[in-house]
């Protein structure tokens, strides 16, 4: 005997819930989404070329300064940056958002160059390669020591993107790009 509501119309009669049919394309859609996610995680972005050079002020090497190459016009990528060592030499590392490793070089193209004093003072020891890590059980400092700045200061005109007059072209092959500043 059917459960029924006495005197009610048929649409008020209890019914068995209909079993939903599974979409036969669902596994293929899922596989497509997973494939896109995995393929999207590979190395991407513009081609990088090695760039190094010397930073100087009035012909004298500038030690322990920060350089930032900011793309101009159609130049791809997010730019590149680096620091000069004790002899004014630098090597660029590309700015790659979300990356957890260094990408040496920068994309070929035209750049506006900003030169400034580093936020944390740099010393010669910072450029010495050591795979040994810190000695003892002391943790590595997260912030460098606040020290007295030594050496030549960067003229203010070169220290912001809005005021710098330095423009350089990075060729398709990369190479040596010397950046010369003047104090006048």
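Coordinate-derived values only; no laboratory data. Since this is a predicted model, take the numbers as computed values, not measurements. Using ideal geometry, Cβ is built from the backbone for each residue, glycine included, and neighbour counts are taken over all protein chains shown.
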Neighbour-count ranking [beta-carbon atoms within 10 angstrom, fewest first] of 178, 85: 178, 85
Net length gained if the chain between residue 103 and residue 116 were fully extended (0.36 nm per residue, minus Cα distance): 2.5 nm
Exposure proxy order (Cβ contacts within 10 Å, fewest to most) of 173, 99: 173, 99
